[in-house]
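Written below as structure tokens is the structure these notes are about.
The values are calculated or read from the model by the stated rules, or taken from the named source; none is laboratory data. As the structure is a computational prediction, the values presented were derived from the model and not from experiment. Cβ coordinates were reconstructed from backbone atoms using ideal geometry, including for glycine residues, and neighbour counts include every protein chain displayed.
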Amino acid sequence: MVFFLIALAVPATAPLVSRADELDAKREANEYFKQGEEEYRRGDYEAAVKMFEKCLSKDPTNVDAQYNIGICHLDMGEDDEALNAFRAALEIDETYSDAYYNVGRLFHVRHDYETAIRQYEKALANDPYAPDVLYNLALAKSGAGDAAGAIETWERYLALTEGDPDETEWHERAKEYLAALKDVEGTVEEGSE
């Protein structure tokens, strides 16, 4: 039996990147990222976007920079740009729960409840203990006319947030939504008898 080995040659013109160059690029990216965060805190969202874009030019895999571009666009009222930025973040990291959540919110405000629900469910698949996602998922299911699904989701939300001081106001609202849905469901069931 004869075995043949095939050698693949790398062209001599292929650029060599040293570990030091990679570290320098990461360091620069981190500096741009910090500047972007500072611009965001000051409320200069356009300047923040520019810094996050510079960060990405040095480190194209920085999912947080890409996500923050989306947040900046949201805060500037540029929903289509925000949606594109969140989708780009998901291309970098398909498990980025917050990006799915914000894509869901963008479709939710457009009353595209089915798409919003799918995005919220993807967010929950990656972070099952996200009360804000559960809350909005329940609202989207209500908007889509899925009362049974909304009731189940409100109950999950209430169980998750019981006793959480950060969720007190939202917890009370969820109880009201749940009670109203159960009343409507009870009325529908009585009417069908």
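Tell me whether the stretch 55-71 contains one or more residues that are farther than 22 Å from T95 by Cβ and at pLDDT 95 or above. Give the steps one after another, and end with the answer.
Going through the stretch 55-71, the residues farther than 22 Å from T95 by Cβ turn out to be 57-58.
Okay, now just the ones that are also at pLDDT 95 or above, so 57-58.
So far as the stretch 55-71 goes, yes, one or more of its residues are farther than 22 Å from T95 by Cβ and at pLDDT 95 or above.
Report, by residue number, each residue of the stretch 78-119 that is under 15 Å from N68 (Cβ atoms), among the acidic types (D, E) and either within 11 Å of the chain's Cα centre (by Cα) or assigned to a helix (DSSP H, G or I) (or both).
E81, D93, D98
Determine if the stretch 120-140 includes at least one residue that is surrounded by fewer than 16 Cβ atoms within 10 Å (Cβ to Cβ), at pLDDT 95 or above and over 18 Å from the mean Cα position of the chain (by Cα).
No, the conditions are met nowhere in the stretch 120-140.
Of the conditions (1) surrounded by 21 or more Cβ atoms within 10 Å (Cβ to Cβ); (2) modelled with pLDDT under 95, L23 satisfies every one except a single condition; which number is it?
(1)
Yes or no: A159 in a helix (DSSP H, G or I), among the small types (G, A, S) and farther than 30 Å from R42 by Cβ? Walk me through it before giving the result.
On the way: in a helix (DSSP H, G or I): yes; among the small types (G, A, S): yes; farther than 30 Å from R42 by Cβ: yes.
Yes, satisfied.
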